[in-house]
1. Once phi is turned into ³J(HN,Hα) by the Karplus curve 6.51 cos²θ - 1.76 cosθ + 1.60 with θ = phi - 60°, what whole-Hz value does each residue of region 276-286 show in order, with x for glycine and proline?
2. So how do C86, C459 line up by other beta-carbon neighbours within 10 Å, fewest first?
3. Order 17-27, 162-172, 246-256, 219-229 from most to least packed using the mean count of other Cβ atoms within 10 Å.
4. Going through the DSSP H helices of the chain, which span 24 Å or more along their own axis at the Cα atoms while scoring at least 0.5 as a mean Kyte-Doolittle hydropathy?
5. Relative to the compact-globule scaling 2.2 N^0.38 Å, provide the ratio for the alpha-carbon radius of gyration of region 114-206.
6. Provide Rg and Dmax in Å for the chain, with only Cα atoms included in the calculation.
7. Name the residues whose placed amide hydrogens come within less than 5 Å of the amide hydrogen of T343, ignoring near sequence neighbours (fewer than 5 apart) on the same chain.
8. Mind sorting I404, I30 by how few other Cβ atoms lie within 10 Å of their own Cβ, fewest first?
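Just so it is clear, none of the values below were taken in a lab; they were calculated from the coordinates. For clarity, every value in this text was computed on a predicted model and none was experimentally measured. Glycine gets a Cβ as well: all are built from the backbone with ideal geometry, and neighbour counts include every protein chain shown.
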Amino acid sequence: MSGRKSPLRHLRSRRLAIWLILGIGVWSAIATTIPQVARDSAEATAFEARYGPFAALARAVGLDHAYTAPVFLTAVVLLAVATLLCAWERTMWTRRRLRQTRVVSDGVIARLREKPAIIVDVPLGSPSPLEQAAGALGALRLKVTTDSNLVTAEGGRWGLLGSPVFHWSLGLLIVVVGLGTLMRAEGSIGIPVGESRIDTAESYGALDEGSLYRGHSGLRIEATDFLLNYMDGTRHRGPSPVLTLYDGETVLKRQRVYPNNPLRYGSLLIHMGAHGVSPEISLETPSGEEILSARPLVDFDETSPTGTSPSGFFLIDDATGTESGVRVEVDLPAQGKTNELATVSLYVEPGGWLESTGATGLTRGGTLELSNGAVLRVQNLDYYVRISVADDWSVPYIYALLVIGTIGLSVAVVLPHRAVRLLLVEDGDGRRLHVHTSHSRGDPTFGERVERALKDRFCDEDDSGGER
């Protein structure tokens, strides 16, 4: 198979990489406008009902699960392969260049003699022309070596390594991000202040798991404390909980969490998401014995007259297994979301095994009597926090590869490799310097600077009395 038709040749082409990057960027941009099924199935269903044919098309191509769709994964795999092949090609090219800078072959000398890029005349009677040429090149901050009638000069040798380091980092970054996406999980957990939840799939309200995810940690996360308006010195951080991570009863880490200050432990990354109200409601027998306790999560809703959206829980009859739903509404004070929570309204939904008349304006300790003589009591009125938990091993490797890639790119740009080969040629026409230059970034002015430095050196000598 000829090199022109080789699949590897096409895979490592810059054109393919550019088209893949553009395609992935466009795909990702469109995906931000389409609800993702794994993160919010209700919103995805509403989107499908609202947009009909367009939503069906988006679902058919995989935009409703954009980052695990076959189209996206195929493009990422191709981009990773293309980048790694390019990195290998750059590595081999750098290896050859490093070897060439140490040894000047007979072929290079022959080309210098027959086809020089630059010719500089040496004045007749000029003493030590090679030493003078070496001085001129040394003034350009090049490391100079003289051997017989040949001068070699080099600068920015480490710059040759910058390009392969950058491309290897970029290729591995794509691989790590792709594997991280397939092996990560991210979701939200609502935790009433003072309570805890176990990191298992059942604890999440919304959860997105990669197809290769290994399973949740099983650690316990507690909302130990909560401040509605946390001040970090002079900085206002907003709502901020103290989160404690347990392995059994052993405290692994405790930290106050606020924007840009997540709790990190191993592959877990826990952010503060949102907060709401969480009244503690107990069910008591007529004699006052507590049967159960519930902490419904009530979200803020600026469109609601009470300032919150209703929530609730179920009471189950042990004898029959039937349920009765209890709707909970929290009425915030007029000043809104402050530390002063107001009253709770409890309603037993019709059609269950319990009946009652809706009670309004219950404060701490307030009760609602049920048809069987039991009592629902408002034990406390507090907050809950909704945290975002990401289990992703790839994050530190992504940061490390970004740093390494940035260093490689910076080295390649700031310290470009420059090389000069200079041969002194003597014949019947006199003495001349045959010069060849190379610059890793293809800077055309480098050759001009070398030629000017050499001509200036010998022109100065000629002006001072030398013969041409």
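1. x, 9, 9, x, 9, 10, 10, 10, 10, 6, x
2. Working: C86 22, C459 16.
Taking fewest neighbouring Cβ atoms as first place, the list is C459, C86.
3. 162-172, 219-229, 17-27, 246-256
4. On the way: long enough: 14-31 (25 Å, 1.48); 70-102 (48 Å, 0.40); 159-183 (36 Å, 1.70); 395-414 (28 Å, 2.15); 444-463 (28 Å, -1.33).
Span-like helices here: 14-31, 159-183, 395-414.
5. Numbers: Rg = 31.5 Å, N = 93, 2.2 N^0.38 = 12.3 Å.
Normalised Rg, Cα atoms only: 2.55.
6. Cα-based Rg and Dmax for the chain come out at 36.4, 124 Å.
7. D331
8. On the way: I404 17, I30 13.
The most exposed by this proxy come first: I30, I404.
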